[in-house]
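Peer 1: One structure coming up, written as structure tokens, with questions to follow.
The values are calculated or read from the model by the stated rules, or taken from the named source; none is laboratory data. Everything quoted here is computed from the prediction, not taken from an experiment. Cβ coordinates were reconstructed from backbone atoms using ideal geometry, including for glycine residues, and neighbour counts include every protein chain displayed. For accessibility, only protein heavy atoms count, side chains too; no ligands or nucleic acids. Shrake-Rupley method; radii C 1.70, N 1.55, O 1.52, S 1.80 Å.
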Amino acid sequence: MEKYVIKGGKKLSGEVVISGAKNAVAAILPAAILSDEPCVIENIPNISDVTIILQIMSEMGANVRMLNKTTVEIDPRTLRNIPVPYEKAKLMRASSYFLGTLLGRFHEAHVSMPGGCDLGDRPIDQHLKCFAALGAAYTIDGGMVNLTADRLVGNQIFFDKNSVGATINGIMAAVKADGLTIIENAAKEPHVVDLANFLNSMGADILGAGTDVVKIRGVKYLRGTNYSVIPDQIEAGTFMAVAAATRSDILIKNVIPKHLEPITQKLVKIGVKVEQFDDAVRVIGGDNYVGTTVKTQPHPGFPTDMQPQMAAVLTCAKGASMVTESIFDNRFRYVDELRRMGANISVEGRVAVIEGVDSLKGAPVKATDLRAGAALIVAALGAEGVSEIYDIYHVERGYENMEEKLRLLGADIEKVDEPDPVASEKKARKAI
């Protein structure tokens, strides 16, 4: 069992280069299934979610070849339409994107219900509504989602709830459907735009990505392409939070500053200095922060995936802060862990009230999900003393070489492998 051991309270400095976007690559890699020729995809992050997606595609018969550490060539022409099993689907939410791509290519898909972080109820009803509107019939049997269609025909689709996943699946299912599909109340996140740009580079006809109305005119053929994934907005935001929590001066490179504006605005408001360049931001932490309010919203609002990291920064801001989570039901599981470090946080429903303390203290804590793990790293780096963060496999699902990047900035962080204390206790009981 691996853990991070972090000695906090050190000021950091230097530069960090942001990897390709996890949320974008999680859609773009499965979307390569729709291509009628090989595709080369660059700037992919070395994270476990990417490894799992490529394993699934390889097991389905696609020819997957790593050209270098950040570039993969995918030839989907030999891919077979076999079910995506529970053992793989349970590991990540993005497995649901195989529904849209397989339906779009084969007019049939069989994918186990997706897993990922436990953030509360994340139904796929909007996905199924979209598929049905395009002409697919569906059943859910034993946790397996089954889609079949004689043909896919464009239609007008209105999402009852803004959904990134349903928007992405709708685009992928419609890109080879007959006629025009119009998706209203579509998600506008940067990774939705990146997916549309990827598909358009292959010859798709998609207009309006990044607005709440997306129009897809189906095409018969998608050619191969060479495409580079956008930088990771949330990884960049996490390092911005690290700079704030440690009162450090860090240059964060390979970013799109416009994607970071909601995060930048909140950090500036509490007393952090942020300088923007063409493809970089410089974050300079302050000595005194003031509390603020944060409410997560669909893009271009404050991203839910940055809520825990921002809360970690606010634990040491003077006065009270209020954090409202409007996307997921179960995103405050990290609060108990921050309390172990001395944070003063109370939660009522979807609202957390944070009373700032002078400093956090190092403690053993557990990452309950991907972004919770990132928040604990932010908190531990700014805290006094030593923290041990367990269950870091969550972090490695979405951050490439996190401890190495932090060490280059001067952080005292080490990844340690040790026996699982729970497993050891169970073994000892059996021996008695």
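Peer 1: Checking the conditions here, which among 90, 22, 69 is touching a residue at least 24 places away in the same chain (Cβ under 8 Å), surrounded by fewer than 24 Cβ atoms within 10 Å (Cβ to Cβ) and of a type outside the set (Asp, Glu)? Can you show your working first?
Peer 2: Working: 22 fails: surrounded by fewer than 24 Cβ atoms within 10 Å (Cβ to Cβ); 69 fails: touching a residue at least 24 places away in the same chain (Cβ under 8 Å).
None of the others qualify; the one that does is 90.
Peer 1: Starting from residues that are surrounded by 20 or more Cβ atoms within 10 Å (Cβ to Cβ), of a type in the set (Val, Ile, Thr) and assigned to a helix (DSSP H, G or I), keep the ones in the stretch 25-51 and report whichever is nearest to the chain's Cα centre (by Cα). Spell out the reasoning first.
Peer 2: Taking the stretch 25-51 first, the residues surrounded by 20 or more Cβ atoms within 10 Å (Cβ to Cβ) are 25-35, 39, 41, 44-45, 47, 49-50.
From what's left, of a type in the set (Val, Ile, Thr): 25, 28, 33, 41, 44, 47, 50.
Keeping just the survivors that are assigned to a helix (DSSP H, G or I) gives 25, 28, 33, 50.
Values: 25: 10, 28: 13, 33: 21, 50: 11 Å.
Only one residue fits best here, namely 25.
Peer 1: If only one of 185, 200, 169 is under 26 Å from residue 258 (Cα atoms), without any contact (Cβ under 8 Å) to a residue 12 or more places away in the chain and of a type in the set (S, T, N, Q), which one is it?
Peer 2: Working: 185 fails: without any contact (Cβ under 8 Å) to a residue 12 or more places away in the chain; 169 fails: without any contact (Cβ under 8 Å) to a residue 12 or more places away in the chain.
Testing whether each residue is under 26 Å from residue 258 (Cα atoms), without any contact (Cβ under 8 Å) to a residue 12 or more places away in the chain and of a type in the set (S, T, N, Q) leaves just 200.
Peer 1: Here's a follow-up. What is the residue count in the stretch 1-14 for residues that are buried (at least 23 other Cβ atoms within 10 Å of the Cβ) and part of a strand (DSSP E or B)?
Peer 2: 2
Peer 1: Filtering the stretch 333-360 down to residues that are hydrophobic (A, V, I, L, M, F, W, C) and either at pLDDT below 95 or assigned to a strand (DSSP E or B) (or both), which residue is farthest from residue 386 (Cα to Cα)? Break it down into steps so the answer makes sense when it comes.
Peer 2: Going residue by residue through the stretch 333-360, those that are hydrophobic (A, V, I, L, M, F, W, C) are 335, 338, 341, 343, 345, 347, 351-354, 357, 360.
Those left that are additionally either at pLDDT below 95 or assigned to a strand (DSSP E or B) (or both): 345, 347, 351-354.
Values: 345: 21, 347: 26, 351: 29, 352: 26, 353: 26, 354: 23 Å.
In this case the residue turns out to be 351.
Peer 1: Sort out which residues of the stretch 359-390 are free of Cβ contacts under 8 Å to residues at least 40 places away in the same chain, over 17 Å from the mean Cα position of the chain (by Cα) and closer than 20 Å to residue 417 by Cα, and write them in order of number.
Peer 2: Filtering the stretch 359-390 down to residues free of Cβ contacts under 8 Å to residues at least 40 places away in the same chain leaves 361, 363-367, 373.
Applying the additional criterion that residues be over 17 Å from the mean Cα position of the chain (by Cα) yields 361, 363-366.
Scanning the stretch 359-390 gives 363, 364, 365, 366.
Peer 1: Here's another thing I want to ask about it. From (1) surrounded by fewer than 21 Cβ atoms within 10 Å (Cβ to Cβ); (2) under 18 Å from residue 399 (Cβ atoms), pick out the condition that doesn't hold for residue 355.
Peer 2: (2)
Peer 1: Could we say that residue 17 is out of contact with any helix residue (DSSP H, G or I) (no Cβ under 7 Å at 6 or more places or on another chain), modelled with pLDDT of 95 or more, open to solvent by less than 60 Å² (accessible area, probe 1.4 Å) and farther than 24 Å from residue 111 by Cα here?
Peer 2: Criteria not met by residue 17.
Peer 1: Look at residue 348 and say whether it is open to solvent by 40 Å² or more (accessible area, probe 1.4 Å) and in contact (Cβ under 8 Å) with a residue 24 or more places away in the chain. Lay out the reasoning, then the answer.
Peer 2: Numbers: open to solvent by 40 Å² or more (accessible area, probe 1.4 Å): yes; in contact (Cβ under 8 Å) with a residue 24 or more places away in the chain: no.
For residue 348, the condition - open to solvent by 40 Å² or more (accessible area, probe 1.4 Å) and in contact (Cβ under 8 Å) with a residue 24 or more places away in the chain - is not met.
Peer 1: Given the stretch 89-202, what helices (runs of 4 or more DSSP H) lie entirely inside it while holding 2 or more residues that are among the acidic types (Asp, Glu) and closer than 21 Å to residue 56 by Cα? Give the steps one after another, and end with the answer.
Peer 2: Working: elements: 97-106, 125-133, 164-174, 190-201.
The helices (runs of 4 or more DSSP H) meeting that bar number zero.
Peer 1: Can you tell me which residue in the stretch 327-339 is nearest to residue 310 (Cα to Cα), limited to those that are among the charged types (D, E, K, R) and buried (at least 18 other Cβ atoms within 10 Å of the Cβ)? Please lay out each step first, then the result.
Peer 2: Taking the stretch 327-339 and keeping what is among the charged types (D, E, K, R), we get 329, 331, 333, 336-337, 339.
Those still in the list that are buried (at least 18 other Cβ atoms within 10 Å of the Cβ) too: 331, 333, 337.
Details: 331: 13, 333: 15, 337: 15 Å.
Only one residue fits best here, namely 331.
Peer 1: Here's another thing I want to ask about it. Go through the stretch 45-63 and count every residue that is more than 23 Å from residue 19 (Cα to Cα) and polar (S, T, N, Q).
Peer 2: Selection size over the stretch 45-63: 2.
Peer 1: Restricting attention to the stretch 157-206, which residues are touching a Lys or Arg at 6+ places or on another chain (Cβ under 6 Å) and either crowded, with 24+ Cβ neighbours inside 10 Å or closer than 28 Å to residue 38 by Cβ (or both)?
Peer 2: In the first step, residues of the stretch 157-206 are kept if they are touching a Lys or Arg at 6+ places or on another chain (Cβ under 6 Å); the result is 180, 182, 202-203, 205.
202, 203, 205 - these are the residues of the stretch 157-206 that are touching a Lys or Arg at 6+ places or on another chain (Cβ under 6 Å) and either crowded, with 24+ Cβ neighbours inside 10 Å or closer than 28 Å to residue 38 by Cβ (or both).
Peer 1: Within 24 Å of residue 167 (Cβ to Cβ), at pLDDT 95 or above, of a type in the set (Val, Ile, Thr) and part of a strand (DSSP E or B) - does that describe any residue in the stretch 55-71?
Peer 2: The answer is no, given that none of the residues of the stretch 55-71 is within 24 Å of residue 167 (Cβ to Cβ), at pLDDT 95 or above, of a type in the set (Val, Ile, Thr) and part of a strand (DSSP E or B).
Peer 1: Would you check which residues across the stretch 312-324 are open to solvent by less than 10 Å² (accessible area, probe 1.4 Å) and in contact with a Ser or Thr (Cβ under 8 Å, 6 or more places away or on another chain) and list them?
Peer 2: Narrowing the stretch 312-324 to residues open to solvent by less than 10 Å² (accessible area, probe 1.4 Å): 312-315, 317, 321, 323.
Listed by number, the residues that qualify are 314, 317, 321, 323.
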